[in-house]
Amino acid sequence: GCVLVVSVIEQLAQWHNSTVKAAMERLCDYIPGKYQIMHHMSCCIDREMNADVVCHSLRLCKQDPGQPLCHLYSPPKKEKHLPGFFHALTHARPKRQIRSKSFMGFSSVCAFPLLANLCEKIKYVLRNKLPFEDFDGDKFSTFPTLRGYHWRGRDCNDKNTTVYPGRRPDNWDAKSDSNCNGIWGVDPKDGIPYEEKFCKGADSKGVVLLGDSAGAHFHIPPEWMTVTQMSAKSFINLPMAFSDEFDWPQFSEITGFLNSTIGGWTDSLYLRLRKRNRCNHRDLQNISQNVYFPVNIAPYLSFSLARNQLLDNPAIVIYATIGNDVCNGERDTLAHMTTPKEMLSNVVRALRYLDSHLPNGSHVILTGLVDGRFLWDNLHDRYHPLGQLNKDVTYSQLYSFLDCLQVSPCSGWLTPNETLRNLTSERALQLSNVLKEIARSEKFDNFDIFYMDFPLRQTAEEWRKMGGEPWQLIEPVDGFHPSQIAAALGTGITWQKALHEWPQVLGKENPFNDQIEAIFKDQGGH
């Protein structure tokens, strides 16, 4: 955190040919008030020292006994008999006389009083994967962030626990909208409820994602750390992003529903299902989480999944933990990867829970793990946003820095060690084969089950045909997650596979879609 902030301040000073103090003030003007957590550092930054040296001199970064000295930038040149880095530290510390106690709060933004309340809310949603603002307790909300309707369909009555997206209509919704799809009331011409007229027998179904940070659509805007693009507008979405755990599920591959504001375009399984059958409006749930270690989904399904077996429509469940089972930040990363035996146990346990809670006629699609060698192959020698101004930070340096700190999102793939990258992909393939075998051999009462490989190769080929470069399919700041472009292209590939191989999953095309939209327009969108 310190290295990131100091890098941005120093580069702002360089780009605008200003003092460090002026650069700090500029950054503070950009950032919304209560998120200004670094203004007290300006006295300690020297443009002649790189961010690693500054942060070590402030003791915000430290070297534990027996551990390597972690640094993002290349060490300064050696002088006399001292390695440059240590020489810089010994010259920096006496001038600065800064007690580390002054900066203890920097390690956690939640230590700042103005953020403490928001942090408590975020801790709640992280624990429960449920909306913080949910007055009737039906797991749906009228509030966008904090696991609200950016993550699951928007509630249309947060004071009534029997009204929520995805349920079968109550008495054909003649008097009110019980399933929040916007279709209710009676046609005055014939007295037939609109829901019965347009949605009866329409094979309505929702979409549920059980995923990891890729499914949640983790994204840090590159303009937050690219000083040549930075302005007050760059940080307008910071409060929303913070409240959504730096995820953007509203633009994601499976549950996206809003036009993307982070580049690319939005195309999602939910939007295509909604276009196919307008009665599916708002029936979506994104139950994904940002963790970089193997995830056993089954335990948190019991309090996160919102589906009533008797009252609700069937659902298409996408099970897509595309990297967590092989990705961790441990030094002995291979020893901490999920084994095929553990994978089989975890997934079958989750599927049995789903079988006891999903309405009959549902579907489950298991998605294989990605081959993450694509990351190093396409990014390692490119410049990271932090390194673009001075051409001094490549993704290889970023990966090594994170790995040294033991916070790498994936030590097995984000490494110059080709053997380790290959072994990680070998384990990923073994786990994908477990999923494939589950789909082939396991049978369940309330859903059928399918498997598909993660469509990375097809996505890259499709993007190449459009004139794009492979590196554009990867998030630029973390150098790890699929980008907005990759998410949108992946949707089309998944949809075409389902159309040709599992048409029953997508349901029928509703012949009344145009009539539904026409009535919406006539009634001003209600």
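Relative to the longest principal axis of the Cα atoms of the chain, the long axis of helix 84-96 lies at roughly 90 degrees.
Taking Kirkwood radius over Cα pairs in Å as calculated from this structure, the corresponding entry among [x] 25.0; [y] 25.8; [z] 27.7 is [x]. Round to the nearest 10 and give me the degree value, 0 to 90, for the angle of helix 395-404's Cα axis relative to the longest principal axis of the chain. That helix lies at roughly 80 degrees to the long axis. What the Cα atoms of region 313-453 give is an Rg and a Dmax of 18.3, 60 Å. Here, region 406-468 yields an orientationally averaged convex hull projection of 7.3 nm² when only Cα atoms define the hull. Each Cα pair under 8 Å and six or more residues apart adds its sequence gap; the mean of these over the residue count of region 148-273 is a relative contact order of 16 percent.
Amide H contacts for I318 (H built 1.01 Å from N in the peptide plane; partners 5 or more residues away or on another chain; cut-off under 5 Å): V208, L209, L210, I365.
Summarising the amide proton neighbourhood of D312: residues at separation of 5 or more, or on other chains, whose placed amide H is nearer than 5 Å comprise R168. Sorted largest first by accessible area at a 1.4 angstrom probe radius, with every protein chain in place, the residues R421, R272 fall in the order R272, R421. Here is how the number arises for the chain: DSSP H runs of 4 or more residues each give -39500 (n - 2.57), the sum is divided by the residue count, and the result at 222 nm is -11000 deg cm²/dmol.
Exposed loop sites here mean GluC sites (Glu not before Pro) with a DSSP loop assignment and at most 12 other beta-carbon atoms within 10 Å; the chain contains its longest site-free run at 49-508. Accessible area per residue (1.4 Å probe, heavy atoms of protein chains only) ranks V326, V186, V370 as V186, V370, V326, with the largest value leading. Taken one residue at a time, the phi angles of region 188-200 give Karplus couplings (6.51, -1.76, 1.60, θ = phi - 60°) of x, 6, 9, x, 8, x, 4, 4, 5, 5, 9, 10, 5 Hz. Gly and Pro are set to x.
Both radii come from the Cα set of region 156-279: Rg as radius of gyration, Rh as Kirkwood radius; their ratio Rg/Rh reads 1.11. Short-range pairs are left out: with C-alpha atoms under 8 Å and at least six residues apart, the relative contact order of region 195-265 is 33 percent. How much of the pair distance distribution for region 448-526 lies past 14 Å, counting alpha-carbon pairs only, in percent? Counting every Cα pair in region 448-526, those more than 14 Å apart make up 72 percent.
Average 1/r across all pairs of distinct alpha carbons in region 209-510, invert it, and you get the Kirkwood radius: 20.0 Å. Restricting the chymotrypsin sites (Phe, Trp or Tyr not before Pro) of region 207-290 to loop positions (DSSP other than H, G, I, E, B) with no more than 13 neighbouring Cβ atoms within 10 Å leaves W265. Where both partners of a DSSP beta bridge lie in region 209-510, what percent of those bridges are antiparallel, to the nearest 5? About 15 percent, rounded to the nearest 5.
Taking the C-alpha atoms only, the angle from helix 513-522 to the longest principal axis of the chain is near 80 degrees.
Remark: relative contact order (the chain) = 14 percent; criterion is Cα-Cα distance under 8 angstrom and separation of 6 or more residues.
Close amide H partners of F257, meaning residues 5 or more places away or on another chain with modelled amide H under 5 Å apart, are F251, S252.
The values are calculated or read from the model by the stated rules, or taken from the named source; none is laboratory data. Just so you know, these numbers come straight off a predicted model, no measurement behind them. So basically every Cβ, Gly included, is an ideal-geometry build from the backbone, and we count neighbours across all protein chains shown. Side chains are part of the model used for accessible areas, which takes the heavy atoms of the whole protein and leaves out ligands, DNA and RNA. Shrake-Rupley method; radii C 1.70, N 1.55, O 1.52, S 1.80 Å.
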